[in-house]
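The values are calculated or read from the model by the stated rules, or taken from the named source; none is laboratory data. Just so it is clear, the structure is predicted and the values come from calculations on it, not from any experiment. No Cβ is skipped: glycine too gets one built from the backbone with ideal geometry, and neighbour counts run over all protein chains shown.
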Amino acid sequence: MTFLYFAYGSNMLPDRLRGRCPSARVVGTGVARAWSLAFSKASKDGSGKATLVTDPNSAVPGVIFEIDLAEREQLDRHEGVGYGYRRDDTFAIEGSSVPASSYLGTSLDNTLRPFDWYLATVIAGAEYHGLDTAHVAALRGTRFVEDTELGRRSRVEAIEAMREHGIEDYRTLLERLG
């Protein structure tokens, strides 16, 4: 048995998600209508992680994955269900005829900024799947903070996932266009 998962943050990058859920397979892309993307989910590392916030006039593109149901619990753990995120198993996505699971922040702080490597991972996933160029440009315009803890496990894993996708220097993803 499998379930559909809508990724809009760092899990859009296939090798990032496969590091957590080896069975993850891209089904396609989709759009979450009436939502906007924010990096306001409070993380235990002090940075802001991606979340969707209700916004009737916005839409957020993302990636739909099919994952073995046996891996749902480990995805919940990685996503922090009960610790700042909740899982919505009836999430409607334009581009899919059936609802998917997605994760929404419950502990939000609009003063937070994403770490540089985290934002780069989100940009890498968006570019890999050819998501809307305006969305990618908005991601590139997001203010971030540099993570000074170079050995942080999540940082090392994200950089490795980007390398698996041919990105040798993630900082090039953070350069603003134009």
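Of these, Asp116, Asp89, which one is loosely packed, with under 13 Cβ neighbours inside 10 Å and closer than 23 Å to Arg18 by Cβ?
Values: Asp116 fails: loosely packed, with under 13 Cβ neighbours inside 10 Å.
Only one candidate passes the filter, namely Asp89.
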Being within 13 Å of Asn11 (Cβ to Cβ) and either in contact (Cβ under 8 Å) with a residue 60 or more places away in the chain or under 15 Å from the mean Cα position of the chain (by Cα) (or both) is the filter here, so list the residues in the range 58-75 that pass it. Gly62, Val63, Ile64, Phe65, Ile67, Leu75
Return the total of residues in the range 32-47 being surrounded by 19 or more Cβ atoms within 10 Å (Cβ to Cβ) and either in contact with an Asp or Glu (Cβ under 7 Å, 6 or more places away or on another chain) or not in a strand (DSSP E or B) (or both). 5
Looking at the structure I just gave you, is Asp55 surrounded by fewer than 16 Cβ atoms within 10 Å (Cβ to Cβ) and over 24 Å from Arg143 (Cβ atoms)? no
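With Gly125, Gly166, Gly130 as the choices, which residue is under 17 Å from the mean Cα position of the chain (by Cα), under 27 Å from Glu66 (Cβ atoms), part of a loop (DSSP other than H, G, I, E, B) and not polar (S, T, N, Q)?
Values: Gly125 fails: part of a loop (DSSP other than H, G, I, E, B); Gly166 fails: under 17 Å from the mean Cα position of the chain (by Cα).
Matching residue, one of Gly125, Gly166, Gly130: Gly130.
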Between a residue in the range 76-104 that is closer than 24 Å to Ser154 by Cα and any residue that is assigned to a helix (DSSP H, G or I), which pairs come within a Cβ distance under 6 Å, given they are 6 or more apart or on different chains? Tyr85/Glu79; Tyr103/Glu79
Search the range 125-138 for residues that are in contact (Cβ under 8 Å) with a residue 12 or more places away in the chain and pair each with any residue that is in a loop (DSSP other than H, G, I, E, B) and surrounded by fewer than 18 Cβ atoms within 10 Å (Cβ to Cβ) when their beta-carbon atoms are under 7 Å apart and the residues are at least 6 apart or on different chains. Tyr128/His165; Ala137/Leu177
Yes or no: Thr111 of a type in the set (S, T, N, Q) and surrounded by fewer than 18 Cβ atoms within 10 Å (Cβ to Cβ)? yes
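Taking the stated definitions as given, is Val31 touching a Phe, Trp or Tyr at 6+ places or on another chain (Cβ under 7 Å) and in contact (Cβ under 8 Å) with a residue 60 or more places away in the chain? Spell out how you get there, then give the answer.
Working: touching a Phe, Trp or Tyr at 6+ places or on another chain (Cβ under 7 Å): no; in contact (Cβ under 8 Å) with a residue 60 or more places away in the chain: yes.
When the stated conditions are applied, Val31 does not pass them.
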Got a sec? Which of Leu177, Leu139 is farther than 21 Å from Ser43 by Cα and either at pLDDT below 95 or touching a helix residue (DSSP H, G or I) at 6+ places or on another chain (Cβ under 6 Å) (or both)? Leu177
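Considering only residues that are out of contact with any Phe, Trp or Tyr (no Cβ under 9 Å at 6 or more places or on another chain) and more than 27 Å from Leu150 (Cα to Cα), look in the range 96-108 and name the one that is surrounded by the most Cβ atoms within 10 Å (Cβ to Cβ). Spell out the reasoning first.
Let us first name the residues in the range 96-108 that are out of contact with any Phe, Trp or Tyr (no Cβ under 9 Å at 6 or more places or on another chain), namely 97-98, 108.
From the residues that got through so far, the ones that are more than 27 Å from Leu150 (Cα to Cα) too are 97-98.
Working: Ser97: 5, Val98: 10.
That would be Val98.
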Of all residues in the range 85-121, count the ones that are assigned to a loop (DSSP other than H, G, I, E, B) and in contact with an Asp or Glu (Cβ under 9 Å, 6 or more places away or on another chain). 1
Give the residues of the range 133-163 that are of a type in the set (Ser, Thr, Tyr), loosely packed, with under 12 Cβ neighbours inside 10 Å and outside any loop (DSSP other than H, G, I, E, B), sorted by residue number. Thr133
